[in-house]
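Every read-out reported here was derived from the displayed coordinates using simple, explicitly stated rules and does not represent laboratory data. Keep in mind that what you see is a predicted model, and the values were worked out from it rather than measured. Please note: Cβ atoms are built from the backbone with ideal geometry, for glycine as well, and neighbour counts cover all protein chains shown.
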Amino acid sequence: MPVMDGLELVREVKEKHASIPVILITREGSEEVAAEALRSGAASYGPKRNLKRDLGRVLEMVLSSEGSCQNASYKRRSHLHHP
């Protein structure tokens, strides 16, 4: 990336759009980068070399997790408004 690296992008997106799930895909990865990505707010992380094999599963996991969070949030709001 010319202007910022992937971790900086994750931080920027999460700062400005906290509800958008971010999956960090890196050319060269390590456990350290993965841990930092997750600490920075990424929903998931993966190296490009495994992209073809893993992307579908990762997307399903992230979207399922986001849906569960949204459903739980909706249920909490509904419960608060409708005892």
inquiry  = Within region 1-42, list the residues whose amide N lies under 16 Å from a label point set 7 Å along Cα→Cβ of Leu59.
reply    = 21-25
note = Amide H neighbours of Thr26 at under 5 Å, excluding residues fewer than 5 places away on the same chain, with H built from the backbone geometry, are Gly46, Lys48
key: Qualifying aspartates and glutamates (Cα of each under 19 Å from Cα of Lys52; at least 8 residues distant if same chain)   = Glu28, Glu60
